[in-house]
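Beneath this line is the structure, given in structure tokens, with notes to follow.
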Amino acid sequence: MSYDNPEKSIALISTRPLKKDLENIEPKNNYKFTIIDQPLSKITPLKDYSTFDSILERIDQFHHIVFISTNAVYFFIDRLNKNKISIANHLRFSCIGTSTRKFIENSLKKNVYCPSDIYDSEHLLKHAIFNNVKNKNILIIRGKGGRETLKEGFESKEANVIYGECYNREYLSINLTKIKKTVQNFDQVYLLITSLESAIKFMSHNINQNLDWLNSINFIVNHQVIKNELQPFSKVFVTNNISLISLQKIMEE
């Protein structure tokens, strides 16, 4: 890719929930970046927190707390504060992604265990911290619904596992024809999908009617299973790191 054209423009279509918006990308190497929000899901609080709050009231009974996402951390902290509950020192915190880890470290001032290379449930289960969890009590903080991989993995290690579900995720539809018109004047277009559920929702749209232009753009995903879901498309980049710097590097290659 040449950096000679000062007018080179790149669009990043982000399908993440709006509260997870990316920061504005600073122009670099004569490229102009534009982020276009087209969320495939919406995060909302629960209408009734009585069940979740009752779990927090006995939080000292757990040995490990595992966070699925930054949203899980946000609502967990919000309910801790509302109920004036303190965290016991013996509790161990774990999560899947680096953004979630940083959020926990900054907000709760706790050490956090996290996969070092591939950020998914399968690799968290392999972490040494979970080598001996037989009869240990593990609390998984997440939204309503989702994959059962972690719970099943911990139960196979004979741990006692329960969910602390603290938010809702509503899946949304997007208008592919409208998006096509929005990005038609950009030199390059990337579309970011960061969850398997969002990829499945995306593929439920009228893909065949938009196959030509979707095949002309680039997809960025953060796991091979998401790439597998996007099989009709050939230009799919997999990155374990969806930080601003990592995304910008991919788009400049």
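Between the alpha-carbon centres of region 101-159 and region 36-82 there is a gap of 15 Å. On a 22 Å Cα-Cα criterion, which of the cross-link pairs Lys109/Lys157; Lys32/Lys181; Lys181/Lys227; Lys102/Lys136 come out too long? Checking Cα-Cα distances, Lys109/Lys157; Lys181/Lys227; Lys102/Lys136 exceed 22 Å.
Taking the accessible area of the chain, probe 1.4 Å, and keeping the other protein chains in place, the carbon and sulfur fraction comes to 44%.
Taking semi-axes √(5λ) of the Cα gyration tensor in Å as calculated from this structure, the corresponding entry among (i) 67, 24, 12; (ii) 37, 19, 18; (iii) 30, 19, 19 is (ii). Within the same chain, aspartates and glutamates fewer than 8 places from Lys178 are excluded, and of the rest, those with a Cα less than 18 Å from its Cα are Asp37, Asp187, Asp212.
Taking the Cα centre of region 136-253 as origin and assigning +1 to Lys and Arg Cβ atoms and -1 to Asp and Glu Cβ atoms, the resulting dipole is close to 180 debye. Excluding ligands, DNA and RNA, the accessible surface per residue across region 68-108 is 49 Å² with a 1.4 Å probe.
The values are calculated or read from the model by the stated rules, or taken from the named source; none is laboratory data. This structure is a prediction, so every number in the text was calculated from the model and none was measured. Cβ atoms come from the backbone with ideal geometry, glycine included; neighbour counts cover every protein chain shown. The accessibility values were calculated without ligands, DNA or RNA, using every heavy atom of the protein model including side chains. Shrake-Rupley method; radii C 1.70, N 1.55, O 1.52, S 1.80 Å.
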